[in-house]
Amino acid sequence: MKHIFIFILAFLFIIPVQAKKKPNYDITLKIKNNHDSVMLLGYYQGKGNRVIDTAHLDNKGRFHFVSNTKKLPQGLCFFANNKGNYVEFVVYDEKPFFSFETEQKDWTFHMSVKGSQQNEIFYKFHHDQGLISEEIDRQHQVMDSTTFAQYLKQQYARLDSLQFQLIQKHPTSFLTKMMNITKDVAVPLVNDKGDSLTIYQQREYYLTHYFDNIPLEDNAITHTPKKVFYDRVMNYFDNVLRYASPKVIIDHMDPVIDRAKAAPDVFQFLVITLTQKYLQSNVMVYDSIYVHLVKKYFATEDNFWSTPTSIQSEAMRAAKWERLLVGHEAPELILFDTLRVPHSLHALPSKWKLLVFWSPTCGHCKHVIPAVYRAFEKYCEQYDISAFTILSEPDDKTRKEWKEFLKKNNMSHPAWLSLDGAEANVDWHDVYDIISTPQIYLIDENNIIQAKKLGENNIEEIITAICGEKD
């Protein structure tokens, strides 16, 4: 009986406590003179955004967003209507239990907030900016062009000062962090000893310190508009490191990713984004960067976001690509020509070899292969080049189109071997990772891959550069 009494007491006291558990977020938005009946709540993610919740106008004239199951990530979030109007707000180091009130005329300019110091800072800055912008618009109507140009310089200085004051007064605010992310690194002209830095030393400083203003240890930076974090990262790898060697890229990329391990969202973003970038790169030597990323980050215990199956799949592809890197030996292939005569890739006696996977049913191949053949025919005797070309879809229908295509385009040079892909010493689809066509390699007499990802726009340049240099 005593145990039953204790159980009843526990039930009476514990259950109400659980019922009073606070939601993950509780946010209201009221817009004076509002014309909307539905409002969306969302947040930024990488280069896009996601809507997490929807609210309908209640009888108090508010949009009320509340959830016990969904979570708003830290970063910059937004309210938006179905007409494309939106206003941003901050979720950072505060529980998202906020009340917002504004006017239909200008949501950001007139916004007031309760329950969030971060958003008070955020909206005050935008309000002060708005006041300066309004003043500029008024003066533009009454000033002549010369006077206005001088006036505009002064106002731009005021805007810069406004930003500087914010950073000085609120150095830990999320708005300050976003501003710092977009700031470029100041490169010194002299070193600690007062010696002038060379152009090379200045560039190396810029490469090494590019991410100094970016808090890679903070998950919230991944939840900012595209122009803040995503574009800043991609500018580094797309532009700053453009034309850099794989070693230079890897040497500067690894410290950035390793630093981001303290913030799982940032680490995940960098690994996924950069792995996909170099997986899809048309620069032949950048395959090694993809292989490096998979081996060091993706196919390891650090990968917490992928399933074992997807990790294994990526690891297998990276292993194939590693065997096909420029500078590695091309795997041996033995296939038959149209007369059932076998041919070995490794046994071809020419100084240079073009290995080509293609099909006449491939729309891209129809344009690329004739151009490749013309380049081959132009240089085959000068540089001693032969072609080992493989029909990648060897069925009866395609085989007929293949022969007609060869005849129509006069692809009959004796050093251009047209081989049926139906029978081979290995599964070349797997060995050469042939997912799409055409795929074209340049191989030397020792069967070492010298170039890959050749196409109609670069084949002549690559042949003359590589074969001509070693001729």
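The values are calculated or read from the model by the stated rules, or taken from the named source; none is laboratory data. Since the model is a prediction, treat every value here as computed from it, not as a measurement. Cβ: placed from backbone, ideal geometry, glycine included. Neighbour counts: every protein chain shown. To get the accessible areas, we keep the full protein, side chains included, count just its heavy atoms, and leave off ligands, DNA and RNA. Shrake-Rupley method; radii C 1.70, N 1.55, O 1.52, S 1.80 Å.
Annotations
- Among TYR44, ASN33, LEU57 the positive-end extreme of the charge dipole of region 24-81 (Cβ point charges): TYR44
- Estimated FRET transfer efficiency (GLN154, LYS22; beta-carbon r; R0 56 Å; 0.05): 0.70
- For the chain, the antiparallel share of DSSP beta bridges with both residues in that region comes to about 75%.
- Net charge, SER196 excluded, C-beta distance under 15 Å - Lys, Arg +1, Asp, Glu -1: -1
- With Cα atoms, 0 to 90° folded angle of helix 264-279 axis to the chain main axis: 30
- Trypsin sites (Lys or Arg not before Pro) within region 97-206, DSSP loop, no more than 14 other Cβ atoms inside 10 Å: LYS105, LYS183, LYS193
- Share of carbon and sulfur in the accessible area of the chain stands at 53%, probe radius 1.4 Å.
- Relative contact order for region 60-139, counting Cα pairs under 8 Å that sit 6 or more residues apart, in percent: 19
- Sequence-separation-based contact order of region 173-273, relative, with Cα cut under 8 Å and 6+ spacing, percent: 31
- Overall dimensions of region 32-102 as given by Cα atoms, namely Rg and Dmax in Å: 12.2, 36
- Rounded to 10°, Cα long-axis angle of helix 2-19 versus longest principal axis of the chain: 80
- Cα-only radius of gyration and Dmax that characterise region 323-471, units Å: 14.0, 42
- The orientation-averaged shadow of the Cα convex hull for region 239-322, equal to a quarter of the hull surface, comes to 5.3 nm².
- Dipole check for the chain: with +1 at the C-beta of Lys and Arg, -1 at the C-beta of Asp and Glu, and the Cα centre as origin, the magnitude is about 1740 Debye.
- Over region 89-152, equivalent-ellipsoid semi-axes from the Cα gyration tensor in Å: 33, 12, 6
- Per residue accessible area in Å² of the chain, where ligands, DNA and RNA are left out and the probe is 1.4 Å: 54
- Folded to 0 to 90 degrees: helix 246-259 orientation relative to the chain principal axis, Cα: 30
- In summary, the convex hull built on the alpha carbon positions of region 98-212 has an orientation-averaged projected area of 11.1 nm².
- Phi-based couplings in Hz for region 45-59 (Karplus 6.51, -1.76, 1.60; Gly and Pro marked x): 8, x, 9, x, 8, 9, 8, 9, 7, 9, 10, 9, 4, 8, 6
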